[in-house]
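See below for the structure under consideration.
The values are calculated or read from the model by the stated rules, or taken from the named source; none is laboratory data. Remember, it's a predicted structure, so these values are computed and weren't measured experimentally. Counting neighbours? That spans all protein chains shown, and the Cβs are built from the backbone with ideal geometry, glycine included. SASA here: full protein model, heavy atoms, side chains in, ligands and nucleic acids out. Shrake-Rupley method; radii C 1.70, N 1.55, O 1.52, S 1.80 Å.
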Amino acid sequence: MAESMYGLHRTCRCAEVTKEMIGTEATLMGWVQKARNKGGLVFVDLRDRSGIMQVIFENGSIDEAGFEKAGKLRSEFVIAVTGTIEKRGGAVNENLATGEIELRAKSLRVLSEAEVPPFPIEENSKTKDEIRLKYRYLDLRRPDLQRNLMLKSKVAMLTREFFAKEGFLEIETPMLGKSTPEGARDYLVPSRIHPGCFYGLPQSPQLYKQLLMCSGYDRYIQIARCFRDEDLRADRQPEFTQIDMELSFVDVDDVIDVNERFLAFLFKEVLDVEVSLPIQRMTWQEAMDRFGSDKPDLRFGMELKNVSEIVKDCGFGVFTGALSNGGSVRGINAKGQGEMPRKKIDKLVDFVKDYGAKGLAYIAIAKDGTRKSSFGKFMTEEQMDALIQAMDGEPGDLLLFAADKNKVVYDALGALRVELAKQMDLLDKNQYRFVWITEFPLLEWSEEENRFTAMHHPFTMLMEEDLPLLDTDPGKVRAKAYDIVLNGNEIGGGSVRIHQDDIQEKMFEKLGFTKEEAYEQFGFLLNAFKYGVPPHAGLAYGLDRLVMLMAKVDSIRDVIAFPKVKDASCLMTQSPGQVSDGQLKELGLKIEEEEA
């Protein structure tokens, strides 16, 4: 039977009790982590979000009824205990902040009883994700998840503090807006008052924050909820949180400067990690050539080497065929992996096929210098020596090559490089390597749509010196765009925006929009630009992804209180769910059955 806490007041949280409080009285409240009945003594580990305090119940120190209740306590009972803080009578627990003290109970109230939970409430749970997410309210009691969410709360608080001091204003933008055609699919919300019309939930506050710059607010910040109806991965969710900002009268260096100082402040305050400024910058092209990725992990080497010139006259058709089709041949050197078994190499071949590659060529150099190669018979001794030398190959190394169109080679070797680093245990989560990636291509060609699409969005400014190329060679135009990358993860991205009418119209033209179509979709922004628009730029961080890296966990689900699974459903609430015919009728909607 649950008791009331009437008349009781919690004096502090469990792990807030210190040695200096020995001899004083305290009232603690929380969940029973563990109870051990030793006959005349009952030991209870009492848990709340701060940590654990040992409570000792002894017949005589507490009345008989209280001692009897203590003997019946089980895991996850919610209790209130009043007693005296004492030095531990038994061994000190070095693993607890409160390991030298305990609470000797004088009174006990059972505020709520609990059924046996479906899994233990403990750190580093081995329980299947499906079970944990079904009972997420229990999963969230685990100390590691609680630490993650407290860290996220601290990051949000410090973010607001930093940007307020930098003159930013926190302004909310609408959740119910206009659906836009570019980018990922929108989540749509039907309007009851306007039958047949829909709101789009924001993929980002992009257009609104640009309008705020037109309105003269100069520096805007928002911790914004965003929505994207796209396929999920470990670091993607249908709803997520951005640290979103926009600044007026700035260029690339101004945005980078304030954000470098923000990151240095945040990592020092939260993790006591010094971020060395200025953060390294690298162009998109350099990142692709060296790492096969526009979000390179700089914690390890294994950089790509372009060996096209060396193999252009060899007898290996895979290499020469790729080069004749305008592609390239590139390789990576997996240091010390020359003795890798053939079966393991075959698994790497299968791995790169997921990234469009037809296979991998390799040279395995044993520690005694002997070589095994998948293509050695097509090369002369001199060609093989030149290739190994170009790859800095030494005894004990494994050299892996991909030959195809550049995009395929970059994607395959970029992913292979990270996969090998995992296998070779080169990814140190205690190391934080930041890099800015700049000068992205402004446009990318979509084979599916047979037109150029914006790599970032239609309002991204191009490098001024590339303006003539917009008419002659649009694919070579570089954007004034920048991403901030941490340990191989893009944690934020942004750009300088177009504020000149003629450039914006030309951009829409290159994206296949007529002037009428552009105004139909973005008229409110284009009209605002007619009344005096300042040069402006912005950036947005993925808050969840940033906190994931700071918390050293592998999935953003571990830093979101109530996440969705891969099919965008919630196992706890069973959403999305069906609604009544009455609700559908009110909205003017009808569900059509799919044909078998």
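Val273: touching a Phe, Trp or Tyr at 6+ places or on another chain (Cβ under 7 Å), assigned to a strand (DSSP E or B) and over 22 Å from Leu169 (Cα atoms), yes or no?
no
Closer than 19 Å to Lys312 by Cα and of a type outside the set (Ser, Thr, Tyr), is that true of Gly393?
no
When both residues are 6+ apart or on different chains and their Cβ atoms are under 6 Å apart, which pairs have a first residue that lies in the range 104-120 and is of a type in the set (Ser, Thr, Tyr), and a second that is loosely packed, with under 13 Cβ neighbours inside 10 Å and not in a strand (DSSP E or B)?
Qualifying pairs under 6 Å: Ser112/Ala2.
Output the number of residues of the range 258-275 satisfying the condition of being open to solvent by 70 Å² or more (accessible area, probe 1.4 Å) and hydrophobic (A, V, I, L, M, F, W, C).
Summing the residues that are open to solvent by 70 Å² or more (accessible area, probe 1.4 Å) and hydrophobic (A, V, I, L, M, F, W, C) in the range 258-275 gives 0.
Inspect all residues belonging to the range 311-320 and state whether any of them is open to solvent by 70 Å² or more (accessible area, probe 1.4 Å), at pLDDT 95 or above and on the phi < 0 side of the Ramachandran plot.
Checked the range 311-320: no residue is open to solvent by 70 Å² or more (accessible area, probe 1.4 Å), at pLDDT 95 or above and on the phi < 0 side of the Ramachandran plot.
Can you pull out every residue in the range 43-68 that is within 30 Å of Leu138 (Cβ to Cβ), among the charged types (D, E, K, R) and modelled with pLDDT under 95?
Glu68 - this is the single residue of the range 43-68 that is within 30 Å of Leu138 (Cβ to Cβ), among the charged types (D, E, K, R) and modelled with pLDDT under 95.
Going residue by residue through the range 28-46, is there one that turns out to be open to solvent by 70 Å² or more (accessible area, probe 1.4 Å), within 42 Å of the chain's Cα centre (by Cα), within 17 Å of Ile101 (Cβ to Cβ) and in contact (Cβ under 8 Å) with a residue 24 or more places away in the chain?
no
Determine if the range 227-249 includes at least one residue that is open to solvent by 30 Å² or more (accessible area, probe 1.4 Å) and farther than 30 Å from Ser555 by Cα.
yes
Looking only at the range 158-196, filter to residues that are closer than 17 Å to Arg225 by Cβ and part of a helix (DSSP H, G or I); which one of those is nearest to the chain's Cα centre (by Cα)?
Thr159
Being assigned to a loop (DSSP other than H, G, I, E, B), within 25 Å of Ala479 (Cα to Cα), open to solvent by less than 30 Å² (accessible area, probe 1.4 Å) and of a type outside the set (D, E, K, R) is true for just one of Pro278, Pro202. Which residue is that?
Only one candidate passes the filter, namely Pro202.
Take the residues in the range 564-593 that are touching a strand residue (DSSP E or B) at 6+ places or on another chain (Cβ under 7 Å) and not small (Gly, Ala, Ser); name whichever of them is nearest to Asp231 (Cα to Cα).
Result: Lys564.
Hey, among Phe375, Phe351, Phe319, which residue is over 30 Å from Trp284 (Cβ atoms) and among the aromatic types (Phe, Trp, Tyr)?
None of the other options fit; the residue is Phe375.
Suppose we keep only residues that are among the hydrophobic types (A, V, I, L, M, F, W, C) and part of a loop (DSSP other than H, G, I, E, B) within the range 93-102. Which one would you say is most open to solvent (accessible area, probe 1.4 Å)?
Ala97
Go through (1) closer than 21 Å to Lys295 by Cα; (2) touching a Lys or Arg at 6+ places or on another chain (Cβ under 9 Å); (3) aliphatic (A, V, I, L, M) for Ala479 and report which single condition fails.
Failing condition for Ala479: (2).
Yes or no: Val255 open to solvent by less than 60 Å² (accessible area, probe 1.4 Å) and in contact with a helix residue (DSSP H, G or I) (Cβ under 8 Å, 6 or more places away or on another chain)?
Criteria not met by Val255.
With respect to Lys295, determine if the residue is part of a helix (DSSP H, G or I), open to solvent by 80 Å² or more (accessible area, probe 1.4 Å) and over 22 Å from Asp392 (Cα atoms).
For Lys295, the condition - part of a helix (DSSP H, G or I), open to solvent by 80 Å² or more (accessible area, probe 1.4 Å) and over 22 Å from Asp392 (Cα atoms) - is not met.
Take the conditions surrounded by fewer than 20 Cβ atoms within 10 Å (Cβ to Cβ), polar (S, T, N, Q) and part of a helix (DSSP H, G or I) and apply them to Gln210. Does it pass?
The answer is no for Gln210.
Tell me, which strands (runs of 3 or more DSSP E) wholly within the range 328-439 include 1 or more residues that are among the hydroxyl-bearing types (Ser, Thr, Tyr), more than 25 Å from Asn489 (Cα to Cα) and open to solvent by 30 Å² or more (accessible area, probe 1.4 Å)?
Of the strands (runs of 3 or more DSSP E) lying wholly inside the range 328-439, those with at least 1 residues that are among the hydroxyl-bearing types (Ser, Thr, Tyr), more than 25 Å from Asn489 (Cα to Cα) and open to solvent by 30 Å² or more (accessible area, probe 1.4 Å) span 371-373.
Residue-by-condition table, conditions (1) in a strand (DSSP E or B); (2) open to solvent by less than 40 Å² (accessible area, probe 1.4 Å):
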site	(1), (2)
Val485	yes, yes
Ser495	yes, yes
Met507	no, yes
Phe524	no, no
Arg545	no, no
Asp554	no, no
Phe562	no, no
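Quick one: is Ile121 open to solvent by less than 70 Å² (accessible area, probe 1.4 Å), out of contact with any Asp or Glu (no Cβ under 7 Å at 6 or more places or on another chain) and among the aliphatic types (A, V, I, L, M)?
no
Taking the residues in the range 141-150 that are open to solvent by 30 Å² or more (accessible area, probe 1.4 Å) and aliphatic (A, V, I, L, M) as candidates, determine which candidate is nearest to Ser555 (Cα to Cα).
Applying the filter and picking the extreme gives Leu149.
This table checks each residue for (1) farther than 17 Å from Arg36 by Cβ; (2) open to solvent by less than 50 Å² (accessible area, probe 1.4 Å); (3) among the hydrophobic types (A, V, I, L, M, F, W, C); (4) in a loop (DSSP other than H, G, I, E, B).
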| position | (1), (2), (3), (4) |
| --- | --- |
| Ala65 | yes, no, yes, no |
| Thr82 | yes, yes, no, no |
| Ile85 | yes, yes, yes, no |
| Ala91 | no, no, yes, yes |
| Arg104 | no, no, no, no |
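Restricting to the range 49-59, what's the tally of residues that are open to solvent by less than 70 Å² (accessible area, probe 1.4 Å) and either of a type in the set (Val, Ile, Thr) or farther than 25 Å from Leu96 by Cα (or both)?
Qualifying residue count for the region: 3.
Looking at Glu444, is it surrounded by fewer than 17 Cβ atoms within 10 Å (Cβ to Cβ), among the acidic types (Asp, Glu) and touching a Gly at 6+ places or on another chain (Cβ under 9 Å)?
So Glu444 passes the test.
Could you list, in sequence order, all residues of the range 124-137 that are closer than 15 Å to Pro563 by Cα and surrounded by 11 or more Cβ atoms within 10 Å (Cβ to Cβ)?
Scanning the range 124-137 gives Asp129, Ile131, Arg132, Leu133, Lys134, Tyr135, Arg136.
Test Glu490 against the stated conditions and say whether it is surrounded by fewer than 19 Cβ atoms within 10 Å (Cβ to Cβ), among the charged types (D, E, K, R) and out of contact with any Asp or Glu (no Cβ under 7 Å at 6 or more places or on another chain).
Judged against the criteria, Glu490 is not a match.
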